[in-house]
Amino acid sequence: MESSSCMQNRSLSQYAASTSLLTSRHAIQRPLTSCRVTGRAHLRGNGRNSSIKERIASVAALPDSTEVVIVGAGMAGLSCGYHLQKAGVGFTILESSEGVGGRVQTDEMDGFLLDRGFQIFLTSYQEAQALLDYQSLDLKPFYAGASVRWNGGFHRVADPLRHFADGLWSLFNPVGSPLDKALVGLYRLKSLLKTPDAIFQSPEATTHARLKAEGFSDAIVDRFFRPFLGGIFFDRELQVTSRLFEFVMRCLATGENCLPAAGIGAVARQLAAQIPPGSIHTGARVQSVTGPLPGKPGQVKVAGGQVVSASQAVVVATEGPAARALLGDALTALDSKTQEGVGTANLYFRAPRAPREENMLYLNGESSGLVNNACFPSTVAPSYAPAGQALVSLSTIGTQPGMSDDELAEKCKAEMAQWFGAEEVASWQLLRIYRIPFAQPDQAPPTDLSRAVNLTNGLFVCGDHRDTATLDGALKSGRRAAEAVLAATAALPVSSREAVGTTV
Ligand SMILES: Cc1cc2nc3c(=O)[nH]c(=O)nc-3n(C[C@H](O)[C@H](O)[C@H](O)COP(=O)(O)OP(=O)(O)OC[C@H]3O[C@@H](n4cnc5c(N)ncnc54)[C@H](O)[C@@H]3O)c2cc1C
């Protein structure tokens, strides 16, 4: 019978040969009422999500040594672990917070599901398609379009291929000219002619410059693109790279915008549930890392004094600024954008009903106002609210640090009273405000949406600062880091592998 370490190494080199290798901090504000973060009964039976609790170990149970240490259990770290596991490589994930998923988490509060910042799952994400079981996620789609608030009324912008009559009708609304809408269709078509990788390498400008160069009017830029893309990239100035604008257009053309029935956190939980029990340790804040060298294992020091040795690699899968703090100059030398990013505040209210029953995203097309986008998640996925109630979600650009929670909630409600009626909004009660200073890294040009992940000294890096700052970009960077680890390990001479304690 083969020993497990022998099998492990064989599969590692087989994997290396068979794959194309080398190719916040969440400032969650004081809860206004008590909040449970645990799942509820109807979420537990959700396919592969069910056994997540058994997979998480405490910091007290840290091993002394492993092959690969991954720092961070966000989408990138989980993806890296998933791919290493497929290759038979042992690993330990060290996560400083008490949960998995990083920026992709959902809290439960009084029967409501509160995503930690309003997020949308795009079914066309390619890495996600390869890793996730969409059926178990029970994805609930938004209407393919949006309702734009402008000049005292709502104006519908619809995808004519999915809602033909609405699309035709929306040609004549004041959100833009008929030419603008034809240009949207043309741009959507053009985005389909390129693969995502080709889009990421295409010539870039700011999205604003690209929209103007394509001939879009100020009306559609101000009334639609600013709130729509502003909500995705937390940037109403549209300084984000045109590559991401093209990517989003392609994703919208090829898939749907959804919420998982059990909240966005179900995506992370499903991935974590595919990782061996006991390999994720929460409450483990890493303070320093060194990579393994021939004859000397890498060392990862955790707050509290424990040290975990890594015989093959250390992968830092944290947010960009945290990666820079751990990796220092080694990362800066790798053409990185690790500066502070863009943020948002997300306000949740309970309501006796949604003022509109459609699964719609509402956008602020005016040039003023705090709320950039609003929706009623329970009209998209009823599981977001207890029976007979509705959940309201409002998002602002920036965290609004100058305002207390009560002030921010009152100001946003006053705006929403203009949109949905004073009587309706008067019944809304604040559940919670999430202020997220670091939602995404800066993505203005110049960008490199496939940055290097191998620091060449036994240290590797992944996270949304290496690829696109999306859930899918984080998954992809995790896979790339795993492949780089496997390539580097396979490249080590056998004697070195023996020297660092690996059996062949
Ligand atoms: C409000 C909001 C809305 C968004 N909307 C969308 C959307 O609609 N669609 C989309 O695709 N993407 C969206 N995103 C972006 C997407 O969520 C992120 O790009 C992605 O989740 C990043 O994953 P990551 O693994 O790179 O980083 P993270 O999720 O930040 O994971 C890093 C992990 O490392 C841990 N860590 C940090 N330092 C240490 C340390 N010293 N020791 C141990 N652990 C450490 C952190 O606690 C964290 O768990 C949104 C993000 C936010 C916040």
Give the relative contact order (percent, whole number) for segment 348-504; include only Cα pairs under 8 Å separated by 6+ residues. 17 percent
Per residue, the convex hull enclosing the Cα atoms of segment 386-467 spans a volume in Å³ of 186 Å³
Contour minus Cα-Cα distance for Asp133 and Leu189 (0.36 nm per residue): 17.3 nm
Which whole-number percentage describes the relative contact order of segment 70-174, with Cα contacts under 8 Å and a sequence gap of 6 or more? 14 percent
Order these peptides, 352-364, 404-416, 310-322, 111-123, by their mean beta-carbon neighbour count within 10 angstrom, highest first. 310-322, 111-123, 352-364, 404-416
With a cut-off of at most 10 other beta carbons within 10 Å, and DSSP calling the residue loop, which trypsin sites (Lys or Arg not before Pro) in segment 208-241 qualify? Please list them. none
Cross-link partners of Lys181 among lysines (Cα-Cα below 27 Å; sequence separation of 8 or more within a chain): Lys140, Lys190, Lys194, Lys212
Total formal charge among the other residues, if their Cβ is under 10 angstrom from that of Ser242, Lys/Arg +1 and Asp/Glu -1: -1
Total formal charge among the other residues, if their Cβ is under 10 angstrom from that of Ser191, Lys/Arg +1 and Asp/Glu -1: +3
Relative contact order (percent) for segment 194-305, with alpha-carbon contacts under 8 angstrom and 6 or more residues of separation? 20 percent
DSSP loop (so not H, G, I, E, B), at most 12 other Cβ within 10 Å: list which trypsin sites (Lys or Arg not before Pro) in segment 439-490 pass both filters. none
Provide Rg and Dmax in Å for segment 165-299, with only Cα atoms included in the calculation. 21.4, 71
Restricting segment 93-162 to GluC sites (Glu not before Pro) in coil, as DSSP defines it, with at most 14 other Cβ within 10 Å: Glu98
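Throughout, read-outs are computed from the coordinates displayed, never taken from laboratory work. Just so it is clear, the structure is predicted and the values come from calculations on it, not from any experiment. Don't worry about glycine lacking a Cβ; one is built from the backbone with ideal geometry, like all the others, and counts go over all protein chains shown.
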